[in-house]
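A.B. asks: Just dropping this structure here.
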Amino acid sequence: MTNRFAVIGLGQFGESIARTLSDSGAEVLAIDIDLDKVEAIKDDVAYAVALDSTDVKALKAQNIQDMDAVVVAIGENFEGLLLTTVLLLELEVERIIARAANAQQRMILEKMGVEEILSPEETVGKTVAEMLLHPNMKSFLPLPDDYEIVEINTPSRVVDQTISEIGLREKYNLNLITVKRLYDEKVEGQLQQVEHIIGVPRADTFLKETDIMIILGKSKDVNKFIEVNK
């Protein structure tokens, strides 16, 4: 059965969510008060509608309450985001995901009873800071309780060692989720290096210089591993 989602607010953040969902086969209703934004996405989603999301009649007309989930991605107009969210709560939408630009907005949404809150600016800020502090880091996903998932270039001191020899769990309290590795493949008749996931790493898997390690652990332990082995 096709998942049915609505995305309200078609700025860069909302548009990206809507397009990604649609590309993944979901039925997407894209909503914005700005007709130009609606026109820009209408050919890439199932439905695109220009309406005022603070108008409950307009929302009901789109059967918003029947969606599997509604993402409120309104960015600049927090009052509009709040009013929209209140209406969605009143309409008993099954799942509401709302955007918060800062801690104060998050607190207000939490007090309203919204359980799923996205803070893209905060996440991006942390990611950029971590990548600046640790040039070896390729990407960074913060998790609750000071945990994170990071992609890092294989540190020079552990190149040509096995997973077992490195002692990620024993020495650093880290878990290696998987490894991205380059393989020589023919693409359109030309030999190129193509990146693939190797699956679940074995204890006897050797790490290569060009490998990217995907690691789960606490921030302090990740930082220790990077610093000790660079």
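A.B. asks: Residues to consider are Glu148, Glu122; find the one that is touching a helix residue (DSSP H, G or I) at 6+ places or on another chain (Cβ under 6 Å), surrounded by 11 or more Cβ atoms within 10 Å (Cβ to Cβ) and under 30 Å from Ala98 (Cα atoms).
C.D. replies: After applying the criteria, what remains is Glu148.
A.B. asks: Which condition number does Ser139 fail, the rest of (1) modelled with pLDDT of 85 or more; (2) loosely packed, with under 15 Cβ neighbours inside 10 Å; (3) within 15 Å of Ile226 (Cα to Cα) being met?
C.D. replies: (1)
A.B. asks: All but one of (1) at pLDDT 80 or above; (2) more than 20 Å from Asn223 (Cβ to Cβ); (3) not in a strand (DSSP E or B) hold for Lys186; state the number of the condition that does not hold.
C.D. replies: Going through the list (1) at pLDDT 80 or above; (2) more than 20 Å from Asn223 (Cβ to Cβ); (3) not in a strand (DSSP E or B), Lys186 breaks only (3).
A.B. asks: Can you name the condition, by its number, that Leu176 falls short on among (1) over 21 Å from Ser219 (Cα atoms); (2) open to solvent by less than 40 Å² (accessible area, probe 1.4 Å)?
C.D. replies: It fails just one condition, (1).
A.B. asks: Sticking with this one: Of all the residues that make up region 195-219, how many are within 19 Å of Arg157 (Cα to Cα), out of contact with any strand residue (DSSP E or B) (no Cβ under 6 Å at 6 or more places or on another chain) and open to solvent by 60 Å² or more (accessible area, probe 1.4 Å)?
C.D. replies: 3
A.B. asks: Which of the numbered conditions does Ala69 fail, given that it passes all the others? Conditions: (1) under 20 Å from the mean Cα position of the chain (by Cα); (2) surrounded by 14 or more Cβ atoms within 10 Å (Cβ to Cβ); (3) without any contact (Cβ under 8 Å) to a residue 40 or more places away in the chain.
C.D. replies: Among (1) under 20 Å from the mean Cα position of the chain (by Cα); (2) surrounded by 14 or more Cβ atoms within 10 Å (Cβ to Cβ); (3) without any contact (Cβ under 8 Å) to a residue 40 or more places away in the chain, Ala69 violates only (3).
A.B. asks: Taking only pairs six or more apart or across chains, which ones have beta-carbon atoms under 8 Å, a first residue in region 113-132 that is of a type in the set (Gly, Ala, Ser), and a second residue that is modelled with pLDDT of 75 or more?
C.D. replies: Gly113/Leu89; Ser119/Arg99; Ser119/Ala100; Ser119/Ala101; Ser119/Asn102; Ser119/Arg106
A.B. asks: Just to be sure before I move on: is Val128 open to solvent by less than 60 Å² (accessible area, probe 1.4 Å) and among the β-branched types (Val, Ile, Thr) in the structure I sent?
C.D. replies: When the stated conditions are applied, Val128 does not pass them.
A.B. asks: Which residues, counting only those in region 142-158, are in a loop (DSSP other than H, G, I, E, B) and either modelled with pLDDT of 95 or more or of a type in the set (S, T, N, Q) (or both)?
C.D. replies: Thr154
A.B. asks: Here's something else I'd like to know. Answer yes or no: is there a residue in region 105-116 that is among the polar types (S, T, N, Q), open to solvent by 40 Å² or more (accessible area, probe 1.4 Å), more than 18 Å from Ser16 (Cα to Cα) and at pLDDT below 95.
C.D. replies: Checked region 105-116: no residue is among the polar types (S, T, N, Q), open to solvent by 40 Å² or more (accessible area, probe 1.4 Å), more than 18 Å from Ser16 (Cα to Cα) and at pLDDT below 95.
The values are calculated or read from the model by the stated rules, or taken from the named source; none is laboratory data. These numbers were taken from a predicted model, which means no experiment stands behind them. No Cβ is skipped: glycine too gets one built from the backbone with ideal geometry, and neighbour counts run over all protein chains shown. Quick note on the areas: whole protein, heavy atoms, side chains included, nothing else; ligands and nucleic acids left out. Shrake-Rupley method; radii C 1.70, N 1.55, O 1.52, S 1.80 Å.
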